[in-house]
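Working notes, structure below.
Coordinate-derived values only; no laboratory data. Everything numeric in this text was worked out from a predicted model, so none of it was measured. We place every Cβ from the backbone using ideal geometry, glycine too, and count neighbours over all the protein chains shown.
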Amino acid sequence: MSPSAAADTIFALSSGALPAAVAIIRVSGPAAKQALETLAGSAPEPRVARVRALRGAGGALLDRALVLWFPGPATATGEDLAELHLHGGRAVVATVLSELGGVPGCRPAEAGEFTRRAFLNGRIDLSEAEGLADLLAAETEAARRQAIRMAEGGLTGVVERLRERLLGLAARAEAVLEFGDDEDDVAPDHRLKSDLADLARELRQTLKSSPAERLRDGFRVVVAGPPNSGKSSLINKISGRSVAIESPIAGTTRDLLEAPVILDGMAIILIDSAGLRATDEVIERLGIERAEQAITVADVLLWLGDEAAPRADAIRVHARCDLLGRGVMPATADVAISVKTGEGMEKLRNLLAGKLSSFLPATDMLLMTDRQRGLIASCAEHLEQAALTPIPEVASEDLRLGLRSLDQIVGRADVEAMLDALFGRFCIGK
Amino acid sequence: MQEEFDVLVVGGGHAGCEAAAAAARRGARTALVTMDARMIGAMSCNPAIGGVGKGHLVREVDVFDGLIARAADEAAIHYRMLNRSKGPAVQGPRVQADRRRFRAAIQGIVAAEPNLSVIEGSVDALLISGECVQGVELGDGSHVRSRTTVLATGTFLGGRLFRGSERQEGGRIGEGAATRLALQLRAQDLPIARLKTGTPPRLDGRTIDWAVLDRQPSDRELWSFSTMGPGRVAPQLACALTRTTPETHDIIRASLDDSPLVGGAIEGRGPRYCPSIEDKVTRFADRDSHQIFLEPEGIDDHTIYPNGISTSLSVEAQDALIRSIPGLESAVIAQHGYAVEYDHIDPRSLDSRLALGGLKGLFCAGQINGTTGYEEAAAQGLVAGLNAACEALGAASVLFDRSESYVGVMIDDLTLQGISEPYRMLTARAEYRLHLRADNATTRLGEAALASGAVSDPRRRSIMRHFGLRADAKCGRPIQEDGADVFREIEADTLYAPYLARLDRELSQIDATAGVSIGAAFDYRRVGGLSNEMLERLEAARPATLGEVSRIRGITPAAVSAILIAVRGIAA
C-alpha cells in the first residue's frame, strides 16, 4: 500500500486523558480536508486557527472548536492534516470521534500510526521515530524528558558529532591511501591508531548509559526472602494496593507477582517472589526457581531474610520490626521497617530511590533503544578492529563499516562526506 | 536512408580514441571525426598515466584490448608503483609518458584498425531527426551519417581559455573550440553546465638548474601496464622535486586581482584534488611551501611539466613566480599556463551504457560527462564505444557492475549521483576496494571481455591462459616460470579473503532490499514527503533498483523505506 495515495485517513485523540480543558483530535490522510469540511462546514486557510461550529450529520451542534488545516506534505505526518481543538469533555470527544468515523475513507488510527506515517513519508528519521514512539508510550516524567530529547533529534545530534569525528579519522586514513605516496601534505599518520582506539572507547562509554527500555518499562525491583518474611505485605504497602495475597501460611506466593509503581518520577516494577525454602512440592519449587532467576536479573534486590542476601548489592531490610523480639535492627541490615506502623518506610523509599537514580544516565547522556545500542557497539567494534589491523587498506574498510553503522542511526552520509573532510584538511594536488 | 557508418565518434582524445577503437573491434564500421588528425592521442595536461584508482582503470580497459595501457607502455619513461608499502589492493601503477611516443602509439593503433576511418573536420552540429541523432554536419557543410554517435568533446565543447585578463575561444592552447555544436546542444534543452580545469606553464628543461634539485628515479622493479604490451621499451628518465617559497606565495597573492578564478570570470567549478596554485595559496594560507614535481615530457623533448603549479595568472605573474622557485631561478617558460572552461552534460541524464536518455543514438564519454583525467576518459570511451556499436549492430549491451570493476563504480557514480566538480577516480569510491585490484583485472573482467566480442585473438588467448594458470595454481599444480604474476595475484586473494567475506556479510545484511527493482514509469511524486531536492535527484537519475536509490546523495533511509513501501504497494 502506498503511504499517501492509497492510504486511509486516520484520526485519534492526540492529547492526554479526559476530561481536560482542551482535547485535540488529529485527522491525517487524503480525506482530512473532507472530514474537516463535513464537520466544520469549510476548511480555514492553511495553518491558521479559526473558531468553527462543529455539526453532526443531522445538523446538531457538537461543539464550538478551534480548527486548523495543514495541507501536506509539509506536515507532521507528511500528509494532509487537520486538527480539532475541542472542549475536553468525554461526551464531546466521543461524539466527534464517532462523527469522524462516519466520513468516507476515515477510520480510527492504530497505536503509533501517526508516527509510522511520518516516518514512511520521510518527515522524521528512524531515531526520531523511535523517540516519538517512546514519547507516546512514556508514563513517567524521566522517560518523557528522555523521549522529548530523542524526538527533537538529541540522539541525531550526538551521533552526528561522533560521526563527524569518525569522518575526520576516515579522511586521514583515506588520504594516506590515495595520496600518501605523492603529496607532501599527507605524511604517515602515526597518531591515527590511538585516535581510533580513543573514539572506540568513547563509543563504548556512550553505551554504558542506562538502556532506554528500562526507563520506559520500569526498573525491576525484586522483593525476596524466606517464606513468611513479609514480602507481600511490603509490596502492598509500597504500591498502595492489594497486589499480593498476604497470608501467614508459608508458600502462599507461588509465582512472580508484578506491581508497577512510580517512585520519585521513576517507573519501577515491584516483583514479589515465592519464599525461598527447601520444598518437595512441585509447583512451589517451580516458583522458587523463578524467584532465584528473578533475583539474578533484578536491577535492585530488596532482601528480607535474616541470613546473608543472595546478592552483595541487595538492600537488606529488617522487616516486621514491630514484632516482639525484632525491635533491634541487626548490623547486617540496612533498614528496619514495619508495614503496620509505617516505621522505616520513608528511609526504605529513599534508599531505593537513591539506588535507582544511580542507574539513571547523566543529564545529557542519551538513552538508546536496543537497535541503536547495537549499531553503536558494532561501530566501536569496527574501530577497534581498524586500530588492530596492520594492513592500512583493511583498516580503512573497517572505518567505512563503522561509519555505515552510525549512518544507520541517523541516515545518509556517503563517499562525498568523507571526501569533503579529506579535501578540507589536506592540500592535495601535486 | 543509407548510413555510411555504424558508429561515429566526435573527438580524438583519450575517450574518443578508445570509443572509436572499441566500436571498430566490436565489428562496427566506425568513423572518428577530429579537428586535427595530428593531435589524435594528445595528452593535454600532465604527461602521466595511472596512479591510485586511475591505474586500476587502465588495467581494466586493457582487459578489453583497449589502447591506453599499450600506448602508456610504449611511451613510459619513468615507472612508479604508488603505495608499494601498502597492500596490493591500493597499489597504483603510474608512468610518466613521453608525449610524442604516446601520441604515435595511439595513432598507430587507430591507423591499424581495419574498421576505423579518421575524418578531419570540425563537427558543427548533430543531424537530429525527431528524437534521433543520425550523424553530424561538418564545418564545410557536408554530412556524415551514422546509426549511433559518440560525443567525446573534452574541453572543446564551448571551450574558453583564461589567463590573467586574456580570454580566448578554444579547447586547448592554439586550437579552436566546438562553439556551434555547444549552442545546438544547449538549444536541445539538455542539462548542460560549465566546469573548469587548468594546466601549469611548461618550462624549457635546458634552463633548469638540475644540480640543486632532488631526483626521483624510475622503479627498478619491472612491471608494465598491459598484459599484451611491449614491456619496458623506452629509456628511463628521472623526475626532480622542488618547492614553492614564501616569495612565490607573495607574488601569487599580489597578482590575484587579475586572476579569472578570483575575479569570478570563471563560473565552472574546478577539481578539488587538482587545484591551481593560487587556490592552494588562498585555501591553505598556513602552508608556506608546496611541492612541485618536475616531470620530463619526453626523451627528445626539452619540455618540463612542473606538476603542482597549475595556474591562470597573468603571463607576468607566471614569469615572476617561476623565478622564485629553487632550481628555476633562470628557467624560461615555453608555454604559459591557463585555465579552460567548457560545457558538460549532467551525467545523470545518461544510462549505464552512457547513452543519453533524450536523444536516441547519442552516447557521451569523457570530460563532457563531468570527469577529469585520461584514465577516466578512456574507460568511458570503452563503455560508450562498445555500447554504441552494440546498439548499431543490434547486439546486447556491455554493462559494468560496481562490485566487479572501477569502470562500473565510475559509471554508477556518474549516472546516479551526478557531479559537482570534475570527477576523478579514487579507491575510496569503491566499496569492494579490496576485491577491485589493479593486479586481478583479467580475472575480474576476462569473461566479460571475451563475451563483449571486442577482443583480438591474441588477447583471447592471453585471457584463457590466465584462467588456465589460475586454475592450475588452485589445484596445486606448479606454476610455470612466467606465471609469477598469477602467483602474486592468488597470494593477494588469500590475504584479503577473510576481510572480503566479512564485507560481503555486512553489505548483504544492509542491502537486503537493494535488488528490489523500480519500474521506469514509477512516479516519485506519489511517495509523500520526499523533499524537492530528493525528487529532483531521483528524477534526474532514474534509479533502476532500491540499491541505486540508497546510493543517491541526500536520500535518507526514511526516504528509501518510503520508496520501498510505495514500490511494494504497486507490485502487490
When a/c is below 1.5 the answer is rounded, else prolate if a/b is larger than b/c, else oblate, so apply that to the protein assembly as shown with a ≥ b ≥ c taken from the square roots of the Cα gyration tensor eigenvalues. prolate
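Express as a percent, rounded to the nearest 5, the fraction of DSSP beta bridges in the protein assembly as shown (both residues included) that run antiparallel. Before the final figure, lay out each step's value.
On the way: 79 of 116 bridges.
Taking every DSSP beta bridge with both residues in the protein assembly as shown, the antiparallel ones total about 70 percent.
Over the whole of B:272-278, what's the average partner chain Cβ count within 10 Å per residue? Rounded to a whole number, please. Display every interim value, and only then the final one.
Details: counts 7, 10, 3, 4, 1, 1, 0.
Neighbouring Cβ atoms belonging to other protein chains average 4 per residue here.
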Provide the per-residue ³J(HN,Hα) series for the range A:377-382, in order, calculated from phi with Karplus coefficients 6.51, -1.76, 1.60 and θ = phi - 60°, each as a whole number of Hz, with x at glycine and proline positions. 4, 5, 4, 4, 4, 4
Cα-projected label distance for residue B:323 with residue B:465, points at 7 Å along beta-carbon direction, nm: 5.7 nm
Quick one: of the DSSP bridges fully inside chain B, what percent are antiparallel, nearest 5? 70 percent
Going by the alpha-carbon gyration tensor, a ≥ b ≥ c the square roots of its eigenvalues, is the range A:215-357 rounded (a/c under 1.5) or, if a/c is not under 1.5, prolate (a/b greater than b/c) versus oblate? rounded
For the pair residue A:283/residue A:198, report the inter-label distance in nm, with labels modelled 7 Å from Cα in the Cβ direction. 6.3 nm
Can you list the residues, at least 5 places off or on another chain, whose amide H is less than 5 Å from the amide H of residue B:545, using H built in the peptide plane? B:518
Among B:45-52, A:373-380, what's the highest-first ranking by average C-beta atoms within 10 angstrom per residue? B:45-52, A:373-380
Mind giving me the nanometre distance, one decimal, between the label points for residue B:474 and residue A:350, set 7 Å out from Cα along Cα→Cβ? 7.6 nm
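I'd like to compare B:241-248, B:408-415: which one has the highest average count of other Cβ atoms within 10 Å, and what's the full order after that?
Details: B:241-248: 18.1, B:408-415: 24.5.
Descending packing order for the listed peptides: B:408-415, B:241-248.
In what sequence, highest mean first, do A:389-395, B:16-22, A:331-337 appear when ranked by Cβ atoms within 10 angstrom? Don't skip to the answer; put the middle values down first.
Numbers: A:389-395: 19.3, B:16-22: 32.6, A:331-337: 17.4.
Averaged packing, sorted descending, gives the order B:16-22, A:389-395, A:331-337.
Applying 1/(1 + (r/R0)^6) with R0 = 60 Å to the Cβ-Cβ distance of residue A:332 and residue B:505, what FRET efficiency is obtained, to the nearest 0.05?
Numbers: r = 53 Å, r/R0 = 0.88.
The calculated FRET efficiency here is 0.70.
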Just name one of B:222, B:236, B:211: the one whose Cα is farthest towards the positive end of the charge dipole of the range B:202-338 (beta-carbon charges, Lys/Arg +1, Asp/Glu -1). B:222
Neighbouring partner chain Cβ atoms per residue of B:27-40, average, 10 Å criterion: 0
Using the Karplus curve 6.51 cos²θ - 1.76 cosθ + 1.60 with θ = phi - 60°, what ³J(HN,Hα) values do you get for each residue of the range A:29-38, in whole Hz, with x for Gly and Pro? x, x, 9, 4, 5, 4, 4, 5, 5, 4
Would you mind giving the mean number of other chain beta-carbons within 10 Å of the Cβ of each residue in A:175-187, as a whole number? 6
Which residue, A:226, B:198, A:352, has the largest displacement toward the positive end of the dipole of the protein assembly as shown when charges sit on each Cβ (Lys, Arg +1; Asp, Glu -1)? A:226
Residue A:313-residue A:388 FRET efficiency (beta carbon distance; Förster radius 35 Å; 0.05 resolution): 0.50
Under 5 Å, built H, 5+ apart or other chain: amide partners of residue A:263: A:268
When the label point is put 7 Å from the Cα of residue B:111 along its Cα-to-beta-carbon vector, which residues of the range B:39-68 have a backbone N closer than 19 Å? B:39-43, B:67-68
Quote the FRET efficiency, to the nearest 0.05, computed for residue B:401 versus residue B:525 with a Förster distance R0 of 25 Å and r equal to the Cβ-Cβ distance. 0.25
Rounded to whole Hz and in sequence order, give me ³J(HN,Hα) for the range A:191-206 from the Karplus expression 6.51 cos²θ - 1.76 cosθ + 1.60, θ = phi - 60°, writing x for Gly and Pro. 8, 4, 5, 6, 5, 5, 4, 4, 5, 4, 4, 5, 4, 4, 4, 3
Note: residue B:245 to residue B:140 extended length (0.36 nm per residue) minus current alpha-carbon separation gives 32.7 nm
Net length gained if the chain between residue B:256 and residue B:85 were fully extended (0.36 nm per residue, minus Cα distance): 57.6 nm
